[in-house]
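The values are calculated or read from the model by the stated rules, or taken from the named source; none is laboratory data. What you are looking at is a predicted structure, and each value in this text was computed from that prediction instead of being measured. Please note: Cβ atoms are built from the backbone with ideal geometry, for glycine as well, and neighbour counts cover all protein chains shown. Side chains included, ligands, DNA and RNA excluded: accessible areas come from the protein's heavy atoms. Shrake-Rupley method; radii C 1.70, N 1.55, O 1.52, S 1.80 Å.
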Amino acid sequence: MIVIYFILLVIGSFFYILYDEPFSFYLICFLAALPVVLFIMLKICSKKVRVSFAGAQKVCVKDSRIPVVIRCENRGIIPVSDLIIEIEYFNAIDSKRDKVKISTPLFPKDVQFLTLHLRSQHYGTIRLVIKHCRVCDMLKLFKLKVRPFIKKGFYDETSFTVIPNVIPIENPIANYSEMGLETDEYSKDHKGDDPSEIFDIHEYQEGDKINRIHWKLSAKQDTTMVKDYSLPIANSIIMIVDMNIDKSRKDYMLLYDAAVETISSLTQYLTENSVAHKVIWYDTATDQNMTMTVKDEENARVLMSLLLRSGLHSDRHPALLNYVNTPDRFKCGHLLYFSAKYDSSVTAAMNDAELAFRYSYMLVGADESAERLYDEFADIVAINEVGAVESIRELCL
């Protein structure tokens, strides 16, 4: 359009030179004044246009289409012939950035919603940022920047989390309840036989044990009151996760997916079988271990959301070594340690610290030689990037 304008300007100039008529004069004045008028109109438009993401963070599964809604508003009375929006998006795990451009006209006093569909092949948090917004005049002579609109409910950036699909497994679960495991947590939903913590007090009913009568409260209430003891939540299973995956490997995102998918499947399976368990991982942002006790599906969803934000690191075994040096740790029945790097001294440290009765070294991205590895303290479970859950079919929890 710029070339066409200059061609018209040249033609108008020759027309003015060759023909000394009022029309040729008006034509050359019109062509000369047109850029000024267009620039002024465009300047006014740039102050009236608002662009933002509509909606907060979303959750989706891998390879699914996720709609991202962009809100474009023209509050002025001048139409916008072309609004150009440049959006940058990337996975927070690998930070490889891609860009997409959207071009659309805007009518005066109008709000327009554009839907951009994205798809991710890997797990993690996908972030989208409005990098540039520009309005153009109808002849494409000028481009002026538009500031993204930031207000409650509208943002210049947004994100969505790609969570693992739930893959059913049927692994056997060992019973660690009679191993005398220490715990400081008790169930809020079920009563048990631990007299150190009272779960509830109720009036005496037929079948209640006489030794659980609360004599002092019964005397005050002038009726027989009985104590229900609490059910301790033993640290039967602990998963320690070190996402120490080498980014120089071409398949490092596949290894990350395999680790996340395995942890998610195990957590979901344990939750479905009412087995409370702890998950400990190293968070690169805070440079410390994070711990979460998973008791129900809501805990499992929150865990995966936090774990997917923790990022990869190059250190060898910070999550495990930090936990070994924690003074208030508890001995568990079975410890599953996830790592992309094998080190026999790590299992020795686990055993010396008496962290568990059983140890499983979940080696992520192991090659065929890992099947021949022998560790005197731990069972080595090789998790491959293809068929990750199949790798743990024979694992007894």
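Looking at this structure, is Glu206 modelled with pLDDT under 80 and closer than 23 Å to Leu321 by Cβ? Outline the logic, then answer.
Details: modelled with pLDDT under 80: yes; closer than 23 Å to Leu321 by Cβ: no.
In short, no.
Go over the candidates Leu397, Leu355, Leu335, Leu363 one by one and state the one that is in contact with a Pro (Cβ under 9 Å, 6 or more places away or on another chain) and at pLDDT 80 or above.
Working: Leu355 fails: in contact with a Pro (Cβ under 9 Å, 6 or more places away or on another chain); Leu335 fails: in contact with a Pro (Cβ under 9 Å, 6 or more places away or on another chain); Leu363 fails: in contact with a Pro (Cβ under 9 Å, 6 or more places away or on another chain).
Matching residue, one of Leu397, Leu355, Leu335, Leu363: Leu397.
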Residues in segment 325-355 that are open to solvent by 10 Å² or more (accessible area, probe 1.4 Å) and either in contact (Cβ under 8 Å) with a residue 60 or more places away in the chain or closer than 24 Å to Val260 by Cβ (or both) total 6
Scanning segment 239-251 residue by residue, those modelled with pLDDT of 85 or more and of a type outside the set (Val, Ile, Thr) turn out to be Met239, Asp242, Met243, Asn244
Which one of Asn211, Asn171 is out of contact with any strand residue (DSSP E or B) (no Cβ under 8 Å at 6 or more places or on another chain), open to solvent by 80 Å² or more (accessible area, probe 1.4 Å) and at pLDDT 65 or above?
-> Asn211
Right, Thr125: over 30 Å from Lys43 (Cα atoms), in contact (Cβ under 8 Å) with a residue 24 or more places away in the chain, assigned to a strand (DSSP E or B) and among the polar types (S, T, N, Q) or not?
-> yes
Read through the list (1) modelled with pLDDT of 85 or more; (2) hydroxyl-bearing (Ser, Thr, Tyr); (3) farther than 30 Å from Ala258 by Cα, then give the number of the only condition that Tyr123 fails.
-> (3)
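Conditions (1) acidic (Asp, Glu); (2) under 22 Å from the mean Cα position of the chain (by Cα), marked per residue:
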residue	(1), (2)
Asp200	yes, no
Lys209	no, no
His214	no, no
Met239	no, yes
Lys247	no, yes
Leu254	no, yes
Thr267	no, yes
Leu321 modelled with pLDDT of 85 or more and open to solvent by less than 70 Å² (accessible area, probe 1.4 Å) = no
Flag for Val59 being at pLDDT below 85, assigned to a strand (DSSP E or B) and open to solvent by 50 Å² or more (accessible area, probe 1.4 Å) | yes
Pick from segment 288-313 the residues that are touching a residue at least 40 places away in the same chain (Cβ under 8 Å) and part of a loop (DSSP other than H, G, I, E, B): which of them is most open to solvent (accessible area, probe 1.4 Å)?
-> Arg309
Take Arg75 and decide whether it is in contact with a Phe, Trp or Tyr (Cβ under 6 Å, 6 or more places away or on another chain), surrounded by 12 or more Cβ atoms within 10 Å (Cβ to Cβ), at negative phi and not hydrophobic (A, V, I, L, M, F, W, C).
-> no
